[in-house]
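Presented below is the structure to which this report refers.
The values are calculated or read from the model by the stated rules, or taken from the named source; none is laboratory data. Computed from a prediction, not measured in an experiment: that's the story for all the values here. Counting neighbours? That spans all protein chains shown, and the Cβs are built from the backbone with ideal geometry, glycine included. Side chains are part of the model used for accessible areas, which takes the heavy atoms of the whole protein and leaves out ligands, DNA and RNA. Shrake-Rupley method; radii C 1.70, N 1.55, O 1.52, S 1.80 Å.
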Amino acid sequence: MKPSLPRGSRFESRIRDGLTQRGVFFETASEDIPGRPDIVFPNQKVAIFLDGCFWHGCPTHWREPRVNADYWTHRMEQTRRHDRFVERRLMSEGWKVGRFWEHEPTQIILTRIVRLKATAAS
């Protein structure tokens, strides 16, 4: 099972609310899409992943915990490998994939999602 931010986290809610305010219609991923992306535009085959810095090992913010360091380091390596695998699989099936970190500015994420959706539609 992919570790991810819980559905409805503040980060996800912020992005979903921002898309809704812009009039952008989206779906939340169903279990039949590899990796269960957080936001999906099925007609354009665009999958969006909203990654938490801790759970997905952000290269800028992730720090090895002091307790159980071996476990967490191994888990982060597995998560990063899984994220890359899912991204490659979706791309091989014709999907465009966007992956965004929770520390990125909301407006920049929203602009990039809208742009990705638009380029996939054309």
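The HN-Hα couplings worked out from phi for the stretch 81-98 by the Karplus form 6.51 cos²θ - 1.76 cosθ + 1.60 (θ = phi - 60°) are 4, 5, 4, 5, 4, 4, 4, 5, 5, 4, 4, 5, 8, x, 8, 9, 10, x Hz, whole numbers, x standing for Gly and Pro.
For Rg and Dmax of the Cα atoms in Å, the value calculated from this model appears in (i) 14.7, 49; (ii) 14.1, 39; (iii) 14.6, 46 under label (i).
Of the peptides 42-54, 108-120, 72-84, 19-31, the ranking by mean beta-carbon count within 10 Å, highest at the top, reads 42-54, 108-120, 72-84, 19-31. Protein heavy-atom accessible surface, 1.4 Å probe, per residue over the chain: 61 Å². For the stretch 12-24, the Karplus equation 6.51 cos²θ - 1.76 cosθ + 1.60, evaluated at θ = phi - 60°, returns couplings of 4, 4, 4, 6, 4, 4, x, 5, 4, 4, 7, x, 9 Hz by residue, with Gly and Pro reported as x. In the stretch 27-89, what percent of the accessible surface is made up of carbon and sulfur (1.4 Å probe, ligands and nucleic acids excluded)? That fraction is 47 percent.
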